[in-house]
Amino acid sequence: GAGVSQTPSNKVTEKGKYVELRCDPISGHTALYWYRQSLGQGPEFLIYFQGTGAADDSGLPNDRFFAVRPEGSVSTLKIQRTERGDSAVYLCASSLERVDNTGELFFGEGSRLTVL
Amino acid sequence: AQSVTQLGSHVSVSEGALVLLRCNYSSSVPPYLFWYVQYPNQGLQLLLKYTSAATLVKGINGFEAEFKKSETSFHLTKPSAHMSDAAEYFCAVPNQAGTALIFGKGTTLSVSS
């Protein structure tokens with residue numbers, strides 16, 4: 001497709017389980033971002049990839065959260081030992097340029113994670 | 001650190017009325033500022049961006065925003081609201097490292113007929 005694709009669109013899991021969320025960015029976009037959006041809040045930055053490497057992971061809340069982008073395209077956000085507080089919509093975005101070079105972020109529709 | 005504050009979590013207007021959504025940025029002058037819109041069940045999309053080329057920025061769907069350094073503001077306006085403008089609107093600024101956008105909490109716009 002032409003846009004950013006995220007799967008699954010919805011994921012319900014139990015507390016303590018492991019979850020993977022996938023993001024397929026726009027072809028050719030070297031920059032990829034993960035955000036988390038809780039109800040009534042704006043998107044909260046988690047991690048930024050430039051190519052295959054995580055250039056800024058300062059937003060990851062703790063070591064239960066990890067993300068990879070092994071071939072510089074598709075990315076997977078991995079959450080271990082999920083907690084109820086992890087429930088949120090996880091957004092992926094990609095861009096051609098860095099945001100401080102007026103790069104526009106193109107967002108997917110998000111993966112809604114519910115931890116019971 | 002860079003940040004933005006959106007005043008008013010919810011704004012309601014009548015169709016045809018002026019839309020004004022407020023955004024103030026932190027006192028250190030940002031390189032760029034952005035407004036994004038999120039329609040129901042859709043991803044965020046860029047409305048407009050300030051890149052210091054001009055203080056009045058025009059975006060899609062008739063929206064515009066004016067950068068005012070003296071007021072540290074970047075308010076979003078539209079002269080005449082349409083029902084289709086009902087959505088959530090987010091103001092954003094690059095973080096200090098230039099590696100990500102920092103978003104405000106958002107303003108939900110409701111338009112009544």
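The values are calculated or read from the model by the stated rules, or taken from the named source; none is laboratory data. No experiment lies behind these values; they were computed from the predicted model shown. A quick note on method: Cβ atoms are made from the backbone with ideal geometry, for glycine too, and the neighbour counts reach across all protein chains shown.
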Original post:
From the list B:Phe34, B:Phe90, B:Phe63, which residue is among the aromatic types (Phe, Trp, Tyr), touching a residue at least 12 places away in the same chain (Cβ under 8 Å), under 30 Å from A:Leu32 (Cβ atoms) and away from every other protein chain (no Cβ under 14 Å)?
Top reply: B:Phe63
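So for the stretch A:79-87 (the condition being modelled with pLDDT of 95 or more, assigned to a helix (DSSP H, G or I), charged (D, E, K, R) and in contact with a strand residue (DSSP E or B) (Cβ under 8 Å, 6 or more places away or on another chain)), does at least one residue qualify?
Yes; the residues of the stretch A:79-87 include at least one that is modelled with pLDDT of 95 or more, assigned to a helix (DSSP H, G or I), charged (D, E, K, R) and in contact with a strand residue (DSSP E or B) (Cβ under 8 Å, 6 or more places away or on another chain).
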Subject >> Single residue of A:Ile79, A:Ile47 found to be over 27 Å from B:Phe34 (Cβ atoms) and buried (at least 20 other Cβ atoms within 10 Å of the Cβ) >> reply: A:Ile79
Subject >> Filtered residues of the stretch B:94-113 (kept if more than 9 Å from every other protein chain (Cβ to nearest Cβ) and touching a helix residue (DSSP H, G or I) at 6+ places or on another chain (Cβ under 9 Å)) >> reply: B:Leu109, B:Val111, B:Ser112, B:Ser113
Original post:
Hey, among the residues in the stretch B:44-99 that are within 11 Å of the chain's Cα centre (by Cα) and either surrounded by fewer than 16 Cβ atoms within 10 Å (Cβ to Cβ) or of a type in the set (S, T, N, Q) (or both), which one's nearest to B:His10 (Cα to Cα)?
Top reply: B:Thr77
**OP:** Select from the stretch A:26-82 the residues that are out of contact with any helix residue (DSSP H, G or I) (no Cβ under 9 Å at 6 or more places or on another chain) and of a type in the set (D, E, K, R) and list them in ascending order.
**Re:** A:Glu44, A:Asp56, A:Asp57, A:Asp63, A:Arg69, A:Glu71, A:Lys78, A:Arg81
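Output the residues belonging to the stretch A:2-18 that are hydrophobic (A, V, I, L, M, F, W, C) and buried (at least 18 other Cβ atoms within 10 Å of the Cβ).
A:Val4
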Original post:
Can you spot a residue in the stretch A:12-33 that is within 27 Å of B:Gln96 (Cα to Cα), modelled with pLDDT of 95 or more and among the hydroxyl-bearing types (Ser, Thr, Tyr)?
Top reply: yes
Original post:
Since B:Asn41 meets every condition but one in (1) farther than 18 Å from B:Gln6 by Cα; (2) away from every other protein chain (no Cβ under 14 Å), which condition does it not meet?
Top reply: (2)
Subject >> Residue selected from the stretch A:89-115 under the condition away from every other protein chain (no Cβ under 14 Å) and crowded, with 17+ Cβ neighbours inside 10 Å, by the criterion farthest from A:Asp24 (Cα to Cα) >> reply: A:Val115
Original post:
Which one of these is in contact with a Leu (Cβ under 6 Å, 6 or more places away or on another chain), more than 30 Å from B:Gln6 (Cα to Cα) and polar (S, T, N, Q): A:Ser94, A:Ser27, A:Ser75?
Top reply: A:Ser75
**OP:** Check the stretch A:51-67 and report whether any residue there is under 17 Å from A:Lys15 (Cα atoms), touching a Gly at 6+ places or on another chain (Cβ under 7 Å) and at pLDDT 95 or above.
**Re:** no
**OP:** Identify all residues within the stretch A:11-52 that are farther than 13 Å from B:Leu101 by Cα, within 12 Å of chain B (Cβ to nearest Cβ) and not in a loop (DSSP other than H, G, I, E, B); write none if there are none.
**Re:** A:Cys23, A:Gln37, A:Phe49, A:Gln50
